[in-house]
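Notes follow the structure.
FYI, it's all coordinate maths here, none of it is from the lab. Owing to the predicted nature of the structure, the values given are computational and were not obtained by experimental measurement. No Cβ is skipped: glycine too gets one built from the backbone with ideal geometry, and neighbour counts run over all protein chains shown.
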Amino acid sequence: MWLEARPETPKVSSHLAWIDVARACRRINPDVMGAASELLAGVDAVPMDAAIVGKASSVGGLALRGPDAIHLASALSLGGELSALVSYDHRLVAAAKAEGCPVVTPSGRTQSP
């Protein structure tokens, strides 16, 4: 996996990830919430401030869902510090590539913008 091969690369996500992960754990298997919290402890959060909300309102095409727009706006806020946006969502991948972000899909393949 791309992330495992780069342990020195900082892991960063929108603060929204904490909500996404908690809700997924509650829905699928509440017993894994502790492990999920441990995993997120190693991730730096990009706060959802006014700049992120403003960018998320306008980034991506009409097919991009609101939460994914927040994730994309958070990634874009990192500028040149962004190694890659890692996503399973095809709409987010397409929008990120359109914005010039380096993208890694679950297969671990880097996709050029």
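Rank-order 35-42, 20-27, 64-71, 3-10 by packing density, defined as the average count of other C-beta atoms within 10 Å over each peptide's residues, highest first.
Going from most to least packed, we get 64-71, 20-27, 35-42, 3-10.
Is the C-alpha gyration tensor of the range 61-107 telling us rounded, prolate or oblate? Criteria: a/c under 1.5 is rounded; beyond that, a/b larger than b/c is prolate, otherwise oblate.
Oblate.
For the chain, go through all pairs of different Cα atoms, get the mean of 1/r, take its inverse, and jot down that Kirkwood value in Å.
14.6
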